[in-house]
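Structure first, commentary second.
The values are calculated or read from the model by the stated rules, or taken from the named source; none is laboratory data. For clarity, every value in this text was computed on a predicted model and none was experimentally measured. For neighbour counting, all protein chains shown are included, and Cβ atoms are generated from backbone atoms with ideal geometry for every residue, glycine included.
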Amino acid sequence: MIRIEPIGDDAFAPFGRVVRLRESDSPQGAGVVHTEGPGWSDAYTHDPLLGTNASLGMTRSGGTPFEVFQMERHPNTQEALFCAEGPIVLVVAAAGPQARPDRRGLRAFSIPPGTVAVMKPGTWHDACRGLHGPTTYYWMATVRTGTEWQEVIGGPVSVVAETLA
């Protein structure tokens, strides 16, 4: 069983990077531009989010608790994940030469609205789930670049909504 931890720069660094679009969450000089006008506010990344042209996708999934049986990786592209309705849970394992993800290296992160997780190429991951129930989320990646799904070594692994502080 693995518990969900809040996504953070240092904790997520082995798997990718975190972009915070909310002004109160993004540190000065974090590459996020904030603008506003009468009745609206806006935030966007100064530089492109991914290093390649990417497709935008949307996934509908269940919520916690759930089990991870298989994981996928995209060896040739980054992937960005972000909420549509509410917080999502991303389960990852580090990229590397291993042919399958190992349950001993799995981590589960909660991603709140206004935060984007950008995974490094080759990072193993499952489909995200809603932290508080079924949800919809968005993803960006270069598609048709060799996605593979593999069984988790020693799996399945249960993921529970009891978050680590």
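What to note about this one:
- Here 100, 60, 107 are screened, and the one residue that is closer than 22 Å to residue 4 by Cβ and surrounded by 15 or more Cβ atoms within 10 Å (Cβ to Cβ) is 107.
- Residue pairs whose Cβ atoms lie under 6 Å apart, sitting 6 or more positions apart in sequence or on different chains, and linking a residue in the stretch 110-130 that is under 15 Å from residue 78 (Cα atoms) to a partner that is aromatic (Phe, Trp, Tyr) and buried (at least 20 other Cβ atoms within 10 Å of the Cβ), are 116/82; 119/15; 123/15.
- Only residues that are in a loop (DSSP other than H, G, I, E, B) and not polar (S, T, N, Q) were counted in the stretch 109-158, giving 20.
- None of 66, 15 is more than 22 Å from residue 136 (Cβ to Cβ) and either aromatic (Phe, Trp, Tyr) or under 14 Å from the mean Cα position of the chain (by Cα) (or both) except 15.
This table checks each residue for (1) among the hydroxyl-bearing types (Ser, Thr, Tyr); (2) closer than 20 Å to residue 157 by Cα.
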residue	(1), (2)
65	no, yes
78	no, no
100	no, yes
110	yes, yes
123	yes, yes
127	no, yes
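- Checked against (1) among the acidic types (Asp, Glu); (2) over 20 Å from residue 95 (Cβ atoms); (3) surrounded by fewer than 11 Cβ atoms within 10 Å (Cβ to Cβ), residue 10 passes all but condition (2).
- For the condition surrounded by fewer than 20 Cβ atoms within 10 Å (Cβ to Cβ) and hydroxyl-bearing (Ser, Thr, Tyr), residue 77 does not qualify.
- Just one of (1) at pLDDT 95 or above; (2) crowded, with 16+ Cβ neighbours inside 10 Å; (3) hydrophobic (A, V, I, L, M, F, W, C) fails for residue 21. It is (1).
- Residue list for the stretch 131-165, restricted to those being among the aliphatic types (A, V, I, L, M) and touching a residue at least 12 places away in the same chain (Cβ under 8 Å): 131, 140, 141, 143, 152, 153, 157, 159, 160, 161, 164
- Per the listing 91, 118, the residue uniquely buried (at least 20 other Cβ atoms within 10 Å of the Cβ) and under 22 Å from residue 22 (Cα atoms) is 118.
- Within the stretch 89-107, residues that are under 19 Å from residue 10 (Cβ atoms) have Cβ atoms under 9 Å from residues that are among the acidic types (Asp, Glu) and not in a loop (DSSP other than H, G, I, E, B) in these pairs: 93/102; 107/5, counting only partners at least 6 apart in sequence or on another chain.
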